[in-house]
Amino acid sequence: MGVCISHGTAAAYWCHASRVEADAKAAERLQRAELAEQGVWGEEPAPLPLAAACEALRGPRVKRCMSLQPSVKAADLRALAEAHELPLPLHIIVSDQGLRQKQDVVACHALRDSASFGPFYTMREGGNVVSPEVALVQLGRELDVVGWLLLAYEFCGTYTLDPSVPRGFKEREPLTSAAQVAEAAERLDGMKGIKTVRGGLRYLRDGSASPMETAIALMLSLPRRLGGAGIGGFEMNGSVVLGDAARKLYPRETCRCDLRFPAKQLALEYDSDAEHSTDAQKDSDALRRAALALEGIEVVSVRWEQVRTREGMAATLAQVAQKLRTAAPNVDGELFANLHARVTAKHSHPWD
């Protein structure tokens, strides 16, 4: 397949690859558990499928990337789209305007600066795809800041949206990081939409583990002109090393907090009904909070009942501001209502 996919097509490719990889790793964990139950030791599970595998091209990227001079049939493009659940038309990049193709299944974009788009990654079919961070920068021209951040948080987090499962997402390793996105934005300075990307990068953080953590982070950190509370200074899912006394209560070396303000020794924990509803989970949560308290960290619990309404979330933000000893956020207006409705709705990708 002699194409190099980009823009929203590349973002959709990485999301599909994420779901395939998440399923494969879940199957591997299940195999390991089954082998352990059978008392079988030293036997490795079946290897992961290759459907999501990509590897960076080596050497001079553009000269060796023949996908930048494509000549491909519409039937092959449709097959690629079907194999990776990609929306049509497929967005591809070409090395100059003269190579743009006039097919209804493809949208061509001529490169302004070929070297800035590397590294390219190879697909199973033999074509190429731009990196996750480059795809994010390219999407700055199509999305507003909030829409861009919803996708960027996912790419820099440990989850991928998947409407086929009850909770709406699956776990996976991060596709990229805020630092890598910022570096790509620097290389692609001048691209259409770069203003949106630069605006979003101020509020982008690594490590979100769920769409709801992302929603809370955006309502906390975005400035008031975008409907947020303008409260920064937090990290997501960072590790807290536990001392001896804390480990006696909660036998772990470290704890992770959904959102933590290191300078203020305050943490927010989103307690979803799915993950924190059983008696065993509640007992574990209580011990965990007691252990964090011994480390001097106060934990504020946030439940869906609080987040789902504007009034509940406004009260939560006010509580956080009070504990941080900052000015109470003005989140009672229309801007906050719009942001709240948008980030707490069922999340989807811009191409869905």
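Things worth noting here:
- Within segment 98-121, being among the β-branched types (Val, Ile, Thr) and at pLDDT below 80 holds for no residue.
- In the set (1) under 14 Å from the mean Cα position of the chain (by Cα); (2) in a helix (DSSP H, G or I), Arg198 fails one condition alone, (1).
- Matching option when the condition is at pLDDT below 95, charged (D, E, K, R) and either touching an Asp or Glu at 6+ places or on another chain (Cβ under 8 Å) or not in a helix (DSSP H, G or I) (or both), among Arg225, Arg260, Arg288, Arg256: Arg256
- The set of residues in segment 298-332 being of a type in the set (Gly, Ala, Ser) and either on the phi > 0 side of the Ramachandran plot or in contact (Cβ under 8 Å) with a residue 24 or more places away in the chain (or both) consists of Ser301, Ala321.
- Yes/no for Val130 being at pLDDT 80 or above and touching a Gly at 6+ places or on another chain (Cβ under 6 Å): no
Conditions tested, residue by residue: (1) surrounded by 19 or more Cβ atoms within 10 Å (Cβ to Cβ); (2) over 20 Å from Ala24 (Cβ atoms); (3) at pLDDT 95 or above.
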residue: Val145; (1), (2), (3): yes, yes, yes
residue: Trp148; (1), (2), (3): yes, yes, yes
residue: Tyr153; (1), (2), (3): yes, yes, yes
residue: Gly157; (1), (2), (3): yes, no, yes
residue: Ser164; (1), (2), (3): no, no, no
residue: Glu173; (1), (2), (3): no, no, no
residue: Val181; (1), (2), (3): yes, yes, yes
residue: Asp189; (1), (2), (3): no, yes, no
residue: Lys195; (1), (2), (3): no, yes, yes
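- Segment 168-195: number of residues that are part of a loop (DSSP other than H, G, I, E, B), touching a residue at least 60 places away in the same chain (Cβ under 8 Å) and under 28 Å from Ala110 (Cβ atoms): 4
The values are calculated or read from the model by the stated rules, or taken from the named source; none is laboratory data. Keep in mind that this is a model prediction, so the values were computed, not measured. Reconstructed Cβ throughout: ideal geometry from the backbone, glycine too, with neighbour counts over all protein chains shown.
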